[in-house]
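Beneath this line is the structure, given in C-alpha cells, with notes to follow.
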Amino acid sequence: MRVAMASDHGGYLLKEELKTALANWGFQTVDVGCNSLESVDYVDYAEQAVAAVLNGECERAILICGTGIGMSIAANKFPGIRAALCHDYFSAQATREHNDSNVLCLGARVIGPGLAESIVKVWLNTGFSGGRHQRRLDKINAIEKRLLSK
Ligand code: RB5
C-alpha cells in the first residue's frame, strides 16, 4: 500500500519517525512535506496529501500537525475524504472498521512516538467492516452530493 505523508512544522519530527516505521513494515510512502521545523501552514500540506489520495497515487494519507485538529478540519473539506483524528488505539481500529477512514490525523504535541506508531500500525492493517457501516457512509456520500449540486 502507498501512503501519503504530510506535516506542518509541529508534526515534522514525528512524520520523519513514522516514515521509517512504515518503510520497516513494508509500506511505500510519498512525502509531500514539510521538510523542516520552519513555520508553515498545515492546510497547504493537507491539501497536497489529500490530492494524492483523490487522484489515486496513494491509497491513504497520514497528516500530522501539533494537535492534528487543523489537519483534520482541512482534510475533511474535500469530498471523498474521511479523515479521522485518533489519539488512541481503539479509535484508530474502529475508524477503519466503521468509517473506512482514508486519512489519519495525529497531533505530535498530544501523543508520543510510541503510541503514534501503534495507532498508525493498527490503522494501516485494519479493514472496513461494510454492512450497516456502508449504509451510513452512503448517507454521508449522499449529503456531499446534495451540497455539491447546489
Ligand atoms: C502550529 O503552531 C499549530 O497551530 C498546528 O500545528 C496545529 O496544531 C493546528 O491545528
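FYI, it's all coordinate maths here, none of it is from the lab. Every value quoted in this text rests on a predicted model; they were computed, and no experiment measured them. Quick reminder, even Gly has a Cβ in these numbers, built from the backbone with ideal geometry, and neighbours come from all protein chains shown.
Quick notes on this structure:
- Restricting region 62-96 to residues that are of a type in the set (Phe, Trp, Tyr) and over 10 Å from Val50 (Cα atoms), the residue that is surrounded by the fewest Cβ atoms within 10 Å (Cβ to Cβ): Phe90
- Some residue of region 17-29 being over 14 Å from Val3 (Cβ atoms), without any contact (Cβ under 8 Å) to a residue 60 or more places away in the chain and either within 13 Å of the chain's Cα centre (by Cα) or within 15 Å of the ligand (Cβ to nearest atom) (or both): no
- Scanning region 35-48 for residues that are within 14 Å of the ligand (Cβ to nearest atom) and within 15 Å of Gly68 (Cα to Cα) returns Val40, Asp41, Tyr42, Val43, Asp44, Tyr45, Ala46.
Matching residues to (1) farther than 24 Å from Asp44 by Cα; (2) more than 13 Å from the chain's Cα centre (by Cα); (3) without any contact (Cβ under 8 Å) to a residue 12 or more places away in the chain:
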{"position": "Tyr89", "(1), (2), (3)": "yes, yes, no"}
{"position": "Arg96", "(1), (2), (3)": "yes, no, no"}
{"position": "Ile111", "(1), (2), (3)": "no, yes, no"}
{"position": "Thr126", "(1), (2), (3)": "yes, yes, no"}
{"position": "Gly131", "(1), (2), (3)": "yes, yes, yes"}
{"position": "Arg135", "(1), (2), (3)": "yes, yes, yes"}
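Residue-by-condition table, conditions (1) more than 16 Å from the ligand (Cβ to nearest atom); (2) under 17 Å from Leu63 (Cβ atoms); (3) part of a helix (DSSP H, G or I):
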residue	(1), (2), (3)
Phe90	yes, no, yes
Ala94	yes, no, yes
Cys105	no, yes, no
Gly114	yes, no, yes
Glu117	yes, yes, yes
Val120	yes, yes, yes
Gly130	yes, no, no
Gln134	yes, no, yes
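- Pairs, first touching a residue at least 40 places away in the same chain (Cβ under 8 Å) and within 12 Å of the ligand (Cβ to nearest atom) in region 66-84, second assigned to a helix (DSSP H, G or I) and not hydroxyl-bearing (Ser, Thr, Tyr), C-beta under 6 Å, six or more apart: Gly66/Gly10; Met71/Ala46
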